[in-house]
Amino acid sequence: MNKVFNVGLIGCGHISETYFRAHEYFNNFRIIKCADINMDIAKKCASHYNIKAVTVDEILQDKDIEIILNLTIPKAHFEISKKALENDKHFYAEKPMAISFQDGKKLLELSKNRNLFIGNAPDTFLGGGIQKTRELIDSDIIGNINLGNAIFAYPGVQSYHPNPEPWFADKEGGPVIDMGPYYFTALVNLLGPAKQVQGRCLKVLNEREIGIGPKKGKTFKVETPTTYLSTIQFENNSIIQVTLSFDVVSHQRNHIELYGEKGSIIVPDPNMFGGSVFVSVTDGGNWGEHKTDSMPLGKINIKSQSARSNESPTNANYRGVGLSEMAFSIENNLMNRCNGELSLHVLDMIDSTMRASQTGKPQEIKTTCKKPKPFTLEEIKKILK
């Protein structure tokens with residue numbers, strides 16, 4: 001039987017409900033206290049989940065808490081994660097690791113100096129969709145991958161989020177910081193680390209209008225580029241074109257397509273856990289479907305639609321598996337898959353993509369990391385209830 005780790009949650013926003021639901025699936029952690037800079041929100045969350053609300057300082061200093069779950073806004077990730085380490089606690093944080101590469105580097109160094117584990121979302125690459133893709137690629141069904149395309153493009157969060165301003169704020173906003181972690185982490189898992197990026201960017205609208213909630217109809221200033229077009233070269237010499245945009249009403253492209261010497265593969269949405277993988281190894285494109293809905297982290301588990309776009313009855317959502325896999329790794333002295341080296345490399349890719357696009361100059365990726373090991377069925381079963 002696995003050890004059950006006591007977790008303290010900081011940041012009681014929308015995403016917290018997903019992590020609380022993870023108790024239904026995973027057997028080795030329990031959230032026992034929560035905190036937020038707004039104590040009223042923390043108390044409401046605590047009442048709903050029958051736990052105790054405390055201040056941020058109190059939860060960081062609590063001797064019973066072993067892991068801090070950092071669900072704060074991106075610009076607060078570094079300070080909260082740093083304080084967790086300084087209080088001798090492991091942490092698992094939402095993406096990105098930090099806003100700046102230098103801050104991410106400090107977190108990794110501090111964790112190593114204190115012999116503590118760190119983990120970061122996204123953990124979606126541990127789900128059925130990306131793991132099935134990895135299995136097929138590792139089987140050499142499409143041969144060595146040379147080229148590919150990836151795209152995330154939609155009109156932005158202002159139509160359905162009551163407080164969309166942070167997504168368009170300077171330094172912490174934009175599609176690369178918001179969605180880049182999902183795509184970059186999936187690509188590193190499938191192809192290995194990246195080595196160079198080139199790009200261009202633009203800002204289509206100077207202002208946007210909030211479409212829902214008490215501020216409906218109010219306009220706000222867009223402070224960051226909202227479309228990035230980049231070309232990333234990986235250490236295996238594959239070249240992937242990536243589009244990340246808040247300026248596209250609709251499109252019909254696949255989330256990720258990879259092209260090998262013997263065939264091509266269509267990768268499901270890296271922001272989700274399930275989805276079918278399609279493979280073609282014939283001239284003319286006869287696509288074979290590889291379903292994931294019978295895999296433990298691929299089958300649909302959402303019963304009703306929520307305010308979150310990835311919470312619908314057609315989706316598999318097992319957020320929290322990265323936290324559970326980290327807890328198992330702590331207990332068994334293993335390298336967790338959503339580890340600091342991977343997270344820093346992805347942050348390096350984010351930072352380099354933005355700099356390359358904003359300056360028009362190619363950027364070398366400064367870091368590298370080990371390609372995460374496949375997440376085997378035997379390992380998954382050990383942490384599932």
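Just so it is clear, none of the values below were taken in a lab; they were calculated from the coordinates. Quick caveat, the model's predicted, so the values are computed rather than measured. FYI the Cβ positions are ideal-geometry reconstructions off the backbone, even for glycines, and counts take in every protein chain you see.
Before moving on, here are some points about what is shown:
- Isolated Cys residues of the chain, judged by Cβ distance under 4.7 Å to other cysteines: CYS34, CYS201, CYS338, CYS369
- Taken about its Cα centre, the chain carries a charge dipole of about 360 debye when Lys and Arg each add +1 at the Cβ and Asp and Glu each add -1 at the Cβ.
- Note on the chain: antiparallel DSSP beta bridges, both residues inside, total approximately 60 percent of the bridges counted.
- Taking the chain and dividing mean pair separation by its residue count, relative contact order in percent (alpha carbons under 8 Å, at least six apart): 20
- MRE, 222 nm, helices only [DSSP H, n ≥ 4, -39500 (n - 2.57), over the chain, to nearest 500]: -9000 deg cm²/dmol
- Applying the Karplus relation 6.51 cos²θ - 1.76 cosθ + 1.60 with θ = phi - 60° to region 16-28 yields 3J(HN,Hα) values of 4, 4, 5, 6, 5, 5, 4, 4, 5, 10, 10, 9, 10 Hz, where x marks Gly and Pro.
- Candidates GLU364, GLU58, GLU223, ranked by Gaussian network fluctuation over the chain, Cα under 10 Å, top entry: GLU58
- Under the Karplus curve 6.51 cos²θ - 1.76 cosθ + 1.60, θ = phi - 60°, whole-Hz ³J(HN,Hα) for region 205-219, x wherever Gly or Pro sits: 10, 7, 9, 9, 10, 6, x, 7, x, x, 9, 3, x, 6, 9
- Using a cut-off of 20 Å between Cα atoms, the listed pairs LYS83/LYS112; LYS63/LYS382; LYS106/LYS171; LYS83/LYS366 include LYS63/LYS382; LYS83/LYS366 as exceeding that distance.
- For LYS105, the aspartates and glutamates whose Cα falls under 19 Å of its own Cα, not counting residues fewer than eight places away in the same chain, are GLU79, GLU86, ASP88, GLU94, GLU172, GLU341, ASP348, ASP351, GLU364.
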